[in-house]
Amino acid sequence: MNENGRLYLCATPIGNLGDITYRAVELLRTADLIAAEDTRHTRGLLAHYDIHTPMTSYHEHNKLTKGPILIDKLLEGINIALVSDAGMPGISDPGQDLVTLCIDIEVLPGASAFVIALVGSGLPSWKFAFEGFLDRDKKSKKRRLEEIRYEERTLIIYESPHRLKESLKLIEEILGDRKIAVCRELTKKHEEYMRSKISQVRGYYEDNDPRGEYILIIEGSNEIRPDNQDSYENLDERAHVIKLMEEGLSKKDAIKRVAKDRKLKKDLVYKEVLDL
(Lines give C-alpha, C1' and ligand atoms only; values in the text may rest on other atoms or scores of the structure.)
Protein backbone atom coordinates (compact mmCIF):
# COMPACT_ATOMS: atom_id res chain seq x y z
CA MET A 1 0.00 0.00 0.00
CA ASN A 2 1.40 3.40 -1.01
CA GLU A 3 2.05 6.07 1.58
CA ASN A 4 0.06 9.24 1.09
CA GLY A 5 1.61 11.91 -1.09
CA ARG A 6 2.30 15.41 0.15
CA LEU A 7 0.87 18.71 -1.07
CA TYR A 8 3.55 21.39 -1.45
CA LEU A 9 2.49 25.04 -1.62
CA CYS A 10 5.18 26.59 -3.77
CA ALA A 11 5.64 30.37 -4.02
CA THR A 12 6.53 31.58 -7.52
CA PRO A 13 7.78 34.97 -8.81
CA ILE A 14 5.26 37.81 -9.06
CA GLY A 15 7.13 39.30 -12.00
CA ASN A 16 10.89 38.92 -12.16
CA LEU A 17 11.62 35.24 -12.84
CA GLY A 18 14.76 35.46 -10.74
CA ASP A 19 12.67 35.81 -7.58
CA ILE A 20 12.32 32.10 -6.88
CA THR A 21 14.21 30.02 -4.34
CA TYR A 22 16.58 27.17 -5.17
CA ARG A 23 14.36 24.97 -3.04
CA ALA A 24 11.26 25.85 -5.07
CA VAL A 25 13.00 25.09 -8.37
CA GLU A 26 14.14 21.72 -7.08
CA LEU A 27 10.68 20.92 -5.76
CA LEU A 28 9.06 21.76 -9.10
CA ARG A 29 11.56 19.44 -10.79
CA THR A 30 11.05 16.50 -8.44
CA ALA A 31 7.31 16.65 -7.74
CA ASP A 32 5.15 14.06 -9.49
CA LEU A 33 2.62 16.65 -10.60
CA ILE A 34 2.20 20.43 -10.64
CA ALA A 35 -1.29 21.83 -10.05
CA ALA A 36 -1.29 25.30 -11.62
CA GLU A 37 -3.82 28.11 -11.56
CA ASP A 38 -3.06 28.73 -15.24
CA THR A 39 -0.96 26.07 -16.97
CA ARG A 40 -0.17 28.41 -19.87
CA HIS A 41 1.26 31.00 -17.50
CA THR A 42 3.22 28.47 -15.44
CA ARG A 43 4.62 26.86 -18.56
CA GLY A 44 6.74 29.96 -19.14
CA LEU A 45 8.29 29.67 -15.67
CA LEU A 46 8.98 25.96 -16.12
CA ALA A 47 10.57 26.53 -19.53
CA HIS A 48 12.83 29.23 -18.06
CA TYR A 49 14.21 26.73 -15.53
CA ASP A 50 14.12 23.71 -17.87
CA ILE A 51 11.52 21.88 -15.78
CA HIS A 52 9.44 19.15 -17.42
CA THR A 53 7.16 17.97 -14.61
CA PRO A 54 3.59 17.15 -15.77
CA MET A 55 0.96 19.80 -15.07
CA THR A 56 -2.75 19.94 -14.45
CA SER A 57 -5.04 22.90 -13.89
CA TYR A 58 -6.55 23.87 -10.56
CA HIS A 59 -8.36 27.19 -10.41
CA GLU A 60 -11.46 28.98 -9.14
CA HIS A 61 -13.71 27.61 -11.87
CA ASN A 62 -12.81 23.92 -11.54
CA LYS A 63 -11.87 23.62 -7.86
CA LEU A 64 -15.05 21.75 -6.89
CA THR A 65 -14.41 18.98 -9.43
CA LYS A 66 -10.61 19.03 -9.58
CA GLY A 67 -10.06 19.24 -5.82
CA PRO A 68 -11.34 15.70 -5.08
CA ILE A 69 -9.31 14.35 -8.02
CA LEU A 70 -6.13 15.85 -6.61
CA ILE A 71 -6.92 14.46 -3.17
CA ASP A 72 -7.30 10.98 -4.68
CA LYS A 73 -3.88 11.35 -6.30
CA LEU A 74 -2.37 12.35 -2.96
CA LEU A 75 -3.93 9.27 -1.37
CA GLU A 76 -2.28 7.20 -4.11
CA GLY A 77 1.13 8.49 -3.01
CA ILE A 78 1.59 11.21 -5.64
CA ASN A 79 3.41 14.36 -4.51
CA ILE A 80 1.80 17.54 -5.86
CA ALA A 81 3.25 21.04 -6.09
CA LEU A 82 0.53 23.70 -6.01
CA VAL A 83 1.33 27.04 -7.67
CA SER A 84 -0.68 30.17 -8.41
CA ASP A 85 -0.08 32.54 -11.31
CA ALA A 86 2.23 34.55 -9.07
CA GLY A 87 3.26 34.69 -5.44
CA MET A 88 2.11 32.46 -2.61
CA PRO A 89 -0.72 30.04 -3.40
CA GLY A 90 -3.59 30.22 -0.94
CA ILE A 91 -3.76 34.02 -0.88
CA SER A 92 -6.65 35.39 -2.97
CA ASP A 93 -6.85 32.14 -4.95
CA PRO A 94 -8.47 28.70 -4.49
CA GLY A 95 -5.36 27.16 -2.93
CA GLN A 96 -6.89 27.58 0.51
CA ASP A 97 -9.77 25.27 -0.44
CA LEU A 98 -7.36 22.48 -1.34
CA VAL A 99 -5.28 22.97 1.81
CA THR A 100 -8.36 22.46 4.01
CA LEU A 101 -8.84 19.03 2.42
CA CYS A 102 -5.27 17.89 3.00
CA ILE A 103 -3.52 16.40 6.01
CA ASP A 104 0.09 16.37 4.87
CA ILE A 105 1.21 19.75 3.52
CA GLU A 106 4.40 21.74 3.30
CA VAL A 107 4.72 25.45 2.49
CA LEU A 108 7.79 26.71 0.63
CA PRO A 109 8.44 30.40 1.39
CA GLY A 110 8.91 32.93 -1.35
CA ALA A 111 7.53 36.00 -3.08
CA SER A 112 4.26 37.52 -1.88
CA ALA A 113 3.02 40.71 -3.52
CA PHE A 114 1.22 42.26 -0.57
CA VAL A 115 4.24 41.84 1.74
CA ILE A 116 6.50 43.58 -0.78
CA ALA A 117 3.98 46.41 -1.19
CA LEU A 118 3.51 46.83 2.56
CA VAL A 119 7.25 47.03 3.24
CA GLY A 120 7.73 49.54 0.43
CA SER A 121 4.76 51.70 1.40
CA GLY A 122 6.37 53.42 4.37
CA LEU A 123 3.12 53.00 6.32
CA PRO A 124 2.95 51.10 9.66
CA SER A 125 3.59 47.41 9.04
CA TRP A 126 3.43 45.97 12.56
CA LYS A 127 -0.36 45.70 12.36
CA PHE A 128 -2.25 45.37 9.09
CA ALA A 129 -5.50 44.05 7.64
CA PHE A 130 -5.43 42.23 4.30
CA GLU A 131 -8.63 42.77 2.31
CA GLY A 132 -7.56 41.30 -1.03
CA PHE A 133 -9.83 42.30 -3.92
CA LEU A 134 -12.89 44.38 -3.14
CA ASP A 135 -16.17 43.17 -4.63
CA ARG A 136 -16.76 44.17 -8.24
CA ASP A 137 -20.31 45.24 -7.45
CA LYS A 138 -20.30 48.92 -6.47
CA LYS A 139 -22.91 48.54 -3.70
CA SER A 140 -21.05 45.60 -2.15
CA LYS A 141 -17.76 47.46 -2.44
CA LYS A 142 -19.23 50.52 -0.75
CA ARG A 143 -20.73 48.39 2.05
CA ARG A 144 -17.37 46.73 2.74
CA LEU A 145 -15.54 50.06 2.86
CA GLU A 146 -18.10 51.33 5.35
CA GLU A 147 -17.48 48.22 7.47
CA ILE A 148 -13.74 48.86 7.62
CA ARG A 149 -13.92 52.65 7.94
CA TYR A 150 -12.78 52.57 11.58
CA GLU A 151 -10.16 49.84 11.14
CA GLU A 152 -7.03 51.15 12.87
CA ARG A 153 -4.60 48.78 11.17
CA THR A 154 -2.97 49.56 7.83
CA LEU A 155 -5.27 48.34 5.04
CA ILE A 156 -4.12 46.27 2.06
CA ILE A 157 -6.33 46.13 -1.03
CA TYR A 158 -5.70 44.56 -4.45
CA GLU A 159 -7.19 46.29 -7.49
CA SER A 160 -7.26 45.90 -11.25
CA PRO A 161 -6.54 48.84 -13.58
CA HIS A 162 -10.06 49.17 -14.99
CA ARG A 163 -11.62 49.48 -11.51
CA LEU A 164 -8.92 51.59 -9.88
CA LYS A 165 -10.50 55.02 -10.45
CA GLU A 166 -13.90 54.00 -9.07
CA SER A 167 -12.32 52.31 -6.06
CA LEU A 168 -10.13 55.31 -5.21
CA LYS A 169 -13.18 57.60 -5.42
CA LEU A 170 -15.18 55.40 -3.02
CA ILE A 171 -12.22 54.96 -0.69
CA GLU A 172 -11.78 58.72 -0.36
CA GLU A 173 -15.51 59.32 0.09
CA ILE A 174 -15.87 56.70 2.83
CA LEU A 175 -12.47 56.50 4.54
CA GLY A 176 -11.42 60.10 4.06
CA ASP A 177 -8.33 61.63 2.45
CA ARG A 178 -5.71 59.43 4.12
CA LYS A 179 -2.12 58.60 3.29
CA ILE A 180 -1.84 55.91 0.65
CA ALA A 181 0.84 54.02 -1.25
CA VAL A 182 -0.19 52.87 -4.71
CA CYS A 183 2.13 50.02 -5.73
CA ARG A 184 2.12 49.03 -9.38
CA GLU A 185 3.69 46.17 -11.35
CA LEU A 186 5.94 45.06 -8.49
CA THR A 187 9.27 43.44 -9.47
CA LYS A 188 8.50 44.11 -13.15
CA LYS A 189 10.00 46.55 -15.65
CA HIS A 190 7.53 49.34 -14.87
CA GLU A 191 7.46 48.90 -11.09
CA GLU A 192 6.23 52.03 -9.34
CA TYR A 193 5.50 53.23 -5.80
CA MET A 194 3.36 56.35 -5.44
CA ARG A 195 3.16 57.62 -1.85
CA SER A 196 0.74 60.48 -1.33
CA LYS A 197 -2.77 61.38 -0.18
CA ILE A 198 -5.73 59.64 -1.79
CA SER A 199 -6.97 62.90 -3.35
CA GLN A 200 -3.61 63.51 -5.02
CA VAL A 201 -3.47 59.97 -6.40
CA ARG A 202 -6.99 60.37 -7.77
CA GLY A 203 -5.93 63.59 -9.46
CA TYR A 204 -2.99 61.83 -11.09
CA TYR A 205 -5.18 59.09 -12.54
CA GLU A 206 -7.62 61.63 -13.94
CA ASP A 207 -4.85 62.52 -16.39
CA ASN A 208 -3.14 59.13 -16.65
CA ASP A 209 -4.85 55.84 -17.46
CA PRO A 210 -4.15 53.06 -14.94
CA ARG A 211 -2.02 50.24 -16.33
CA GLY A 212 -0.93 46.99 -14.73
CA GLU A 213 -1.90 45.38 -11.44
CA TYR A 214 -2.21 47.52 -8.31
CA ILE A 215 -1.88 47.08 -4.56
CA LEU A 216 -3.21 49.87 -2.36
CA ILE A 217 -1.68 50.32 1.09
CA ILE A 218 -3.92 52.68 3.07
CA GLU A 219 -3.32 54.40 6.39
CA GLY A 220 -5.43 53.04 9.24
CA SER A 221 -8.21 55.07 10.83
CA ASN A 222 -7.64 57.69 13.52
CA GLU A 223 -11.38 58.19 14.00
CA ILE A 224 -13.28 56.95 17.01
CA ARG A 225 -16.04 54.49 16.28
CA PRO A 226 -19.33 56.28 17.13
CA ASP A 227 -20.49 53.45 19.39
CA ASN A 228 -17.25 53.80 21.40
CA GLN A 229 -17.39 57.58 21.89
CA ASP A 230 -19.32 57.44 25.17
CA SER A 231 -16.80 55.07 26.74
CA TYR A 232 -14.13 57.81 26.65
CA GLU A 233 -16.14 60.77 27.89
CA ASN A 234 -15.73 60.05 31.60
CA LEU A 235 -11.97 59.44 31.37
CA ASP A 236 -9.24 61.95 32.01
CA GLU A 237 -6.52 62.46 29.40
CA ARG A 238 -4.16 59.87 30.90
CA ALA A 239 -6.84 57.17 31.20
CA HIS A 240 -8.02 57.95 27.67
CA VAL A 241 -4.52 57.36 26.28
CA ILE A 242 -4.14 54.13 28.25
CA LYS A 243 -7.48 52.82 27.01
CA LEU A 244 -6.57 53.52 23.39
CA MET A 245 -3.22 51.79 23.85
CA GLU A 246 -5.01 48.76 25.30
CA GLU A 247 -7.14 48.73 22.15
CA GLY A 248 -4.04 48.46 19.98
CA LEU A 249 -2.84 51.99 19.21
CA SER A 250 0.76 52.97 19.69
CA LYS A 251 1.48 55.54 22.39
CA LYS A 252 2.21 58.17 19.76
CA ASP A 253 -1.06 57.57 17.89
CA ALA A 254 -3.05 57.42 21.12
CA ILE A 255 -1.68 60.81 22.21
CA LYS A 256 -2.43 62.25 18.78
CA ARG A 257 -6.02 61.01 18.88
CA VAL A 258 -6.69 62.19 22.44
CA ALA A 259 -5.35 65.64 21.57
CA LYS A 260 -7.54 65.79 18.48
CA ASP A 261 -10.70 64.54 20.21
CA ARG A 262 -10.30 66.83 23.21
CA LYS A 263 -9.00 69.78 21.19
CA LEU A 264 -5.79 69.93 23.22
CA LYS A 265 -2.17 70.46 22.28
CA LYS A 266 -0.29 67.18 21.88
CA ASP A 267 2.48 68.23 24.27
CA LEU A 268 -0.07 68.73 27.05
CA VAL A 269 -1.37 65.18 26.59
CA TYR A 270 2.18 63.88 26.31
CA LYS A 271 3.10 65.31 29.73
CA GLU A 272 0.28 63.26 31.30
CA VAL A 273 1.73 59.98 30.08
CA LEU A 274 5.52 60.52 30.27
CA ASP A 275 5.95 57.43 32.46
CA LEU A 276 4.09 55.02 30.19
Here is a list of conditions, (1) modelled with pLDDT of 95 or more; (2) open to solvent by less than 40 Å² (accessible area, probe 1.4 Å), and N62 meets all of them except one; can you say which number that is?
(1)
Select from segment 78-93 the residues that are surrounded by fewer than 22 Cβ atoms within 10 Å (Cβ to Cβ) and either part of a helix (DSSP H, G or I) or modelled with pLDDT of 95 or more (or both) and write down the one among them that is nearest to the chain's Cα centre (by Cα).
N79
Any residue that is of a type in the set (A, V, I, L, M) and under 30 Å from A129 (Cα atoms) - is there at least one of those in segment 26-36?
yes
Residues that are in a strand (DSSP E or B), open to solvent by less than 20 Å² (accessible area, probe 1.4 Å) and either touching a helix residue (DSSP H, G or I) at 6+ places or on another chain (Cβ under 9 Å) or hydroxyl-bearing (S, T, Y) (or both): does segment 41-50 have at least one?
no
Scan segment 115-162 for residues that are within 19 Å of E206 (Cα to Cα) and touching a strand residue (DSSP E or B) at 6+ places or on another chain (Cβ under 9 Å) and jot them down.
E159, S160, P161
Being open to solvent by less than 60 Å² (accessible area, probe 1.4 Å) and either out of contact with any Leu (no Cβ under 6 Å at 6 or more places or on another chain) or not small (G, A, S) (or both) is the filter here, so list the residues in segment 244-260 that pass it.
L244, G248, L249, S250, K251, D253, I255, R257, V258, A259
On the given criteria, is A239 under 30 Å from G132 (Cα atoms), free of Cβ contacts under 8 Å to residues at least 60 places away in the same chain and either touching an Asp or Glu at 6+ places or on another chain (Cβ under 8 Å) or of a type outside the set (V, I, T) (or both)?
no
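Say we look at segment 1-22 and pick out the residues that are assigned to a loop (DSSP other than H, G, I, E, B) and open to solvent by less than 40 Å² (accessible area, probe 1.4 Å); which of these is nearest to A113 (Cα to Cα)?
Filtering segment 1-22 for residues that are assigned to a loop (DSSP other than H, G, I, E, B) and open to solvent by less than 40 Å² (accessible area, probe 1.4 Å), the one nearest to A113 (Cα to Cα) comes out as I14.
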Can you find a residue that is over 15 Å from I217 (Cα atoms) and free of Cβ contacts under 8 Å to residues at least 12 places away in the same chain anywhere in segment 152-172?
no
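Take segment 188-222 and flag every residue that is basic (K, R) and open to solvent by less than 30 Å² (accessible area, probe 1.4 Å).
Correct list: empty.
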Please give the number of the condition T53 fails out of (1) touching a residue at least 40 places away in the same chain (Cβ under 8 Å); (2) open to solvent by less than 20 Å² (accessible area, probe 1.4 Å); (3) part of a loop (DSSP other than H, G, I, E, B).
(1)
Hey, among V182, V99, which residue is touching a strand residue (DSSP E or B) at 6+ places or on another chain (Cβ under 8 Å), open to solvent by less than 80 Å² (accessible area, probe 1.4 Å) and either in a loop (DSSP other than H, G, I, E, B) or modelled with pLDDT of 95 or more (or both)?
V182
Among the residues of segment 199-211, is any of a type in the set (F, W, Y) and touching a residue at least 60 places away in the same chain (Cβ under 8 Å)?
no
The residue that is farthest from the chain's Cα centre (by Cα), considering only those in segment 23-39 that are part of a loop (DSSP other than H, G, I, E, B) and crowded, with 20+ Cβ neighbours inside 10 Å, is A31
Tally up the residues in segment 121-151 that are under 19 Å from R184 (Cβ atoms), touching a residue at least 40 places away in the same chain (Cβ under 8 Å) and surrounded by fewer than 18 Cβ atoms within 10 Å (Cβ to Cβ), please.
3
Is it true that some residue in segment 186-203 is small (G, A, S), part of a strand (DSSP E or B), out of contact with any Leu (no Cβ under 8 Å at 6 or more places or on another chain) and under 21 Å from A117 (Cα atoms)?
yes
Conditions (1) within 19 Å of P13 (Cβ to Cβ); (2) crowded, with 18+ Cβ neighbours inside 10 Å: number failed by L70
(1)
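The values are calculated or read from the model by the stated rules, or taken from the named source; none is laboratory data. Just so it is clear, the structure is predicted and the values come from calculations on it, not from any experiment. For neighbour counting, all protein chains shown are included, and Cβ atoms are generated from backbone atoms with ideal geometry for every residue, glycine included. These accessible areas exclude ligands, DNA and RNA; they are computed on the full protein's heavy atoms, side chains included. Shrake-Rupley method; radii C 1.70, N 1.55, O 1.52, S 1.80 Å.
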